[in-house]
Amino acid sequence: MLHSMTFEPEHQNGVGTQDAFQRLWTPHRMAYIQGENKPSGPEAGDGCPFCSIPSMSDEEGLVVARGRHVYAVLNLYPYNGGHLMVVPYRHVADYTQLDTGETVELAELTKRAMVALRTASGAHGFNIGMNQGAAAGAGIAAHLHQHVVPRWGGDTNFMPVVGHTKVLPQLLADTRKMLADAWPTD
């Protein structure tokens, strides 16, 4: 939970007239903006992060839960705190390419993600979906992934609308642990 704090504007010589605005610096977002760690092509061996994450430890890869055919992983650039994705291990681009086992387990892990997010953070609702293809907004179009974004009443404010900035109150490692601990086992 965030606490209300008062900050004094920082003065820095040589930068112009001091104003009353606070700056929220998010230099880690530059990797996303510049497309770092994006696959170089459509094949699994082209640097697909969704293909490399399963070989990492849960903590290093931000994996929340693993199934037989799919896994749940936190989004490095979340829309909201707790934003995770359910991803097949197999490198496929289109939902129609999933086999029956993958389809069933993707649905099951999505349901479990919702339960974990409600348990751990009291989510009021969810945005759930897939962006199929670059034209539809998929950041990594070559490897299917379903977004599970928790929502709360009043979670939209001026920061994303005016400031194009999302304020996240918890580090990803802490969010991963909280959700893994709340993940339902049956």
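The values are calculated or read from the model by the stated rules, or taken from the named source; none is laboratory data. Remember, it's a predicted structure, so these values are computed and weren't measured experimentally. Cβ atoms come from the backbone with ideal geometry, glycine included; neighbour counts cover every protein chain shown. The accessibility values were calculated without ligands, DNA or RNA, using every heavy atom of the protein model including side chains. Shrake-Rupley method; radii C 1.70, N 1.55, O 1.52, S 1.80 Å.
Quick notes
- Two-site FRET efficiency, ALA93 against MET56, from Cβ-Cβ distance with R₀ of 25 Å, rounded to 0.05: 0.70
- Per residue, segment 77-163 exposes 47 Å² of solvent-accessible protein surface, assessed with a 1.4 angstrom probe and all protein chains in place.
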